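Take a look at the structure set out below.
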Amino acid sequence: MNKAKHGGNIYEIEKRYGINKDDIIDFSANINPLGVPESFKKALIENMDIIENYPDPDYISLKESISKHNKIDREKIIVGNGATEIIFSLIDIIKPKKSLILAPTFAEYERALKKVHGSVEYYFLKEENNFLLDEEFLNYIKEEIDCIILCNPNNPTGKLVGRGLIEDILKKSKRKNIEIIIDEAFIDFVEDYEDKSLIKYIDEYENLHIIRALTKFFAIPGLRLGYGITSNKNIKEKFEDSSEPWTINSYADLGGQVLLDDEEYIEKTRQWIKEENNYLYKEIKKIDGIKVYESTVNYLLLKTDKINLKEELMKKNILIRSCDNYINLDERYFRVAVKNRNYNDKLIKALKEIYYGS
């Protein structure tokens with residue numbers, strides 16, 4: 001099973017191009033440009049010594065913070081060393097024989113499914129429909145499917161599934177006893193995200209399992225912290241029974257408790273994404289030769305007529321994410337993160353120089 005390529009590998013870029021990683025402007029990783037919240041930095045300094053003790057194996061305080069943040073029962077929460085660990089663990093528990101996923105979407109779903117020797121059916125999102133999921137998807141929910149995995153908002157398209165359609169998917173999946181995993185790793189960046197999240201359906205659908213991540217929104221990808229939400233007691237018990245002890249270290253445990261309570265940082269992020277997503281989208285849209293797709297989150301999908309765009313930008317110390325390894329995309333597609341205004345302007349300037357000359 002080949003390892004999937006992801007954004008944010010500045011170490012590989014440093015070796016390949018001989019550029020100091022500190023000089024690279026990394027648009028390949030979808031991380032909050034506000035950086036690590038000051039509240040967490042302060043808590044780390046004040047609680048440095050907690051590393052001398054084992055973390056709480058049940059992570060009660062962490063789960064209580066997640067419960068409070070999402071207004072859900074603590075007993076419905078599972079936690080893990082990043083959202084990816086939870087994805088692999090849930091799929092290992094469910095062991096689906098045939099799963100339905102989107103194309104393009106996050107590559108780790110397929111890797112996790114193949115690890116349990118499950119087969120995969122793809123629903124190919126249509127470029128002419130701006131990669132939005134449409135009603136035709138319902139026809140793919142057949143008897144032989146036993147698991148559906150949806151990234152919502154989807155990566156790399158940044159698209160949300162419409163409310164009416166997601167309700168139809170949930171209803172049909174329930175009727176056919178199909179497990180449905182919804183990856184909401186980027187939902188916190190979405191405007192009015194509480195209304196867009198599927199947490200409100202968790203008590204109604206025991207076959208629904210939601211995955212969340214703190215790494216992107218709170219700019220802590222190196223710490224690894226994710227959680228899941230399910231009302232299925234059997235799956236929750238199997239997850240906790242099969243999980244290795246202390247997969248979340250003391251600092252990540254502390255981080256989850258502090259970060260979810262930092263309303264000032266959360267509000268600043270909401271304001272940033274609202275302004276900068278719109279700004280970057282409009283500016284790139286003006287450049288002839290690039291098609292940019294509207295997004296609900298902190299990254300944009302581009303289609304270009306320059307398949308060497310990544311190489312051209314690397315000459316300017318700017319790293320973007322090539323999407324040629326996504327199923328249903330090719331070397332014409334790239335993903336760029338939305339960063340702060342200074343960096344966004346540098347990307348726009350670099351793109352204009354490449355397309356129009358310096």
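The values are calculated or read from the model by the stated rules, or taken from the named source; none is laboratory data. Keep in mind that what you see is a predicted model, and the values were worked out from it rather than measured. Using ideal geometry, Cβ is built from the backbone for each residue, glycine included, and neighbour counts are taken over all protein chains shown. We work out accessible area using only protein heavy atoms, side chains counted, and drop any ligands, DNA or RNA first. Shrake-Rupley method; radii C 1.70, N 1.55, O 1.52, S 1.80 Å.
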Only one of (1) among the β-branched types (Val, Ile, Thr); (2) open to solvent by less than 20 Å² (accessible area, probe 1.4 Å); (3) farther than 17 Å from Glu127 by Cβ fails for Thr296. Which number is that?
(2)
A careful count of residues in the stretch 51-60 that are under 20 Å from Glu244 (Cβ atoms) and assigned to a helix (DSSP H, G or I) gives 2
For Ile72, are the conditions met, namely being assigned to a loop (DSSP other than H, G, I, E, B) and either in contact with a helix residue (DSSP H, G or I) (Cβ under 8 Å, 6 or more places away or on another chain) or in contact (Cβ under 8 Å) with a residue 40 or more places away in the chain (or both)?
yes
Suppose we filter the stretch 141-168 for residues that are more than 15 Å from Glu294 (Cβ to Cβ) and either surrounded by fewer than 20 Cβ atoms within 10 Å (Cβ to Cβ) or touching a Lys or Arg at 6+ places or on another chain (Cβ under 6 Å) (or both); how many remain?
12
For the stretch 290-358, which strands (runs of 3 or more DSSP E) that fit wholly inside it have 3 or more residues that are among the aliphatic types (A, V, I, L, M)?
299-304
Can you tell me which condition Ile229 does not meet? The list is (1) in a loop (DSSP other than H, G, I, E, B); (2) crowded, with 21+ Cβ neighbours inside 10 Å; (3) at pLDDT 95 or above; (4) of a type outside the set (Asp, Glu), and all the others hold.
(1)
Which residues, counting only those in the stretch 285-313, are under 13 Å from Tyr355 (Cα atoms) and among the polar types (S, T, N, Q)?
Thr304, Asn308
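Give the stretch 232-246 a look and list any residue that's at pLDDT below 95 and at negative phi, or say none.
Result: Glu240, Asp241, Ser242, Ser243, Glu244, Pro245.
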Given (1) more than 23 Å from the chain's Cα centre (by Cα); (2) closer than 20 Å to Ser243 by Cβ; (3) not basic (Lys, Arg), number of the condition Val79 does not satisfy:
(1)
